[in-house]
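Colleague: I have a structure here, written as structure tokens, and I will follow up with some questions on it.
The values are calculated or read from the model by the stated rules, or taken from the named source; none is laboratory data. Treat the numbers as computed from the prediction; the structure is a model and nothing was measured. Please note: Cβ atoms are built from the backbone with ideal geometry, for glycine as well, and neighbour counts cover all protein chains shown. Ligands, DNA and RNA are stripped out before the accessible areas are found, and what is left, the full protein with its side chains, is counted by its heavy atoms. Shrake-Rupley method; radii C 1.70, N 1.55, O 1.52, S 1.80 Å.
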Amino acid sequence: MFIIFLIGLVVGLGLYLLTYVFAKEIENRRRVLTVATIGGLSLLGSIAVAYQVNTLGYGIAFLISSLGILVISFLLTLFGKSIVWKKSVFTFVILFVIVSNCRMYIK
């Protein structure tokens, strides 16, 4: 399940980058709000899927990945004021994902 959380982190970063590439003129607050909205909608969708008995595992997986998206939106809300902090969030999250994957596959 930890891998699914890491995938959610990467998806959150990807969504933020997409809003940055396609809408450079909007401010950081709206970009983060877009990522948080997508994370919240995926959270609600995962709860709806998990509510059904035969798809409980898929619902839990989507729930964990949507929590990763919401964590990214929270981090970029906290540290998104300055470009240095924003770049450090991107760097640390990507390094965390890479180190966690390497650690899982080396064992």
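Colleague: Can you give me the convex hull volume of the Cα atoms of region 32-82, divided per residue and expressed in Å³? Working shown, then result.
Modeller: On the way: hull volume 2.2 nm³, N = 51.
Spread over its residues, the Cα hull of region 32-82 gives 43 Å³ apiece.
Colleague: Relative to the compact globular guide of 2.2 N^0.38 Å, what is the alpha carbon radius of gyration of the chain, as a ratio? List each step's numbers first, then the result.
Modeller: On the way: Rg = 14.8 Å, N = 107, 2.2 N^0.38 = 13.0 Å.
Compared with the compact-globule rule of thumb, the chain sits at 1.14.
Colleague: Now a separate question. Given a 1.4 Å probe, how much area per residue of the chain is accessible, in Å²?
Modeller: Numbers: 7250 Å² over 107 residues.
With all protein chains present, the chain gives 68 Å² per residue.
Colleague: Using packing as a proxy for protection, rank 87-99, 8-20 so that the peptide with the highest average count of other Cβ atoms within 10 Å comes first.
Modeller: Answer by packing, highest mean first, reads 8-20, 87-99.
Colleague: At 222 nm, what helix-only mean residue ellipticity would the chain give, in deg cm²/dmol to the nearest 500, using -39500 (n - 2.57) for each DSSP H run of four or more?
Modeller: On the way: 4 runs with 93 residues, N = 107.
Dividing the helical sum by the residues of the chain leaves -30500 deg cm²/dmol.
Colleague: Could you check how much of the accessible area of the chain is carbon and sulfur, as a whole percent, using a 1.4 Å probe? Let's see the in-between values first.
Modeller: Numbers: 5520 of 7250 Å².
Using a 1.4 Å probe with all protein chains present, the chain comes out at 76 percent carbon and sulfur.
Colleague: Could I ask something else about it? Taking the Cα centre of the chain as the origin and placing charges on Cβ (Lys, Arg +1; Asp, Glu -1), which of 65, 33, 83 is farthest toward the positive end of the dipole?
Modeller: Selected residue: 83.
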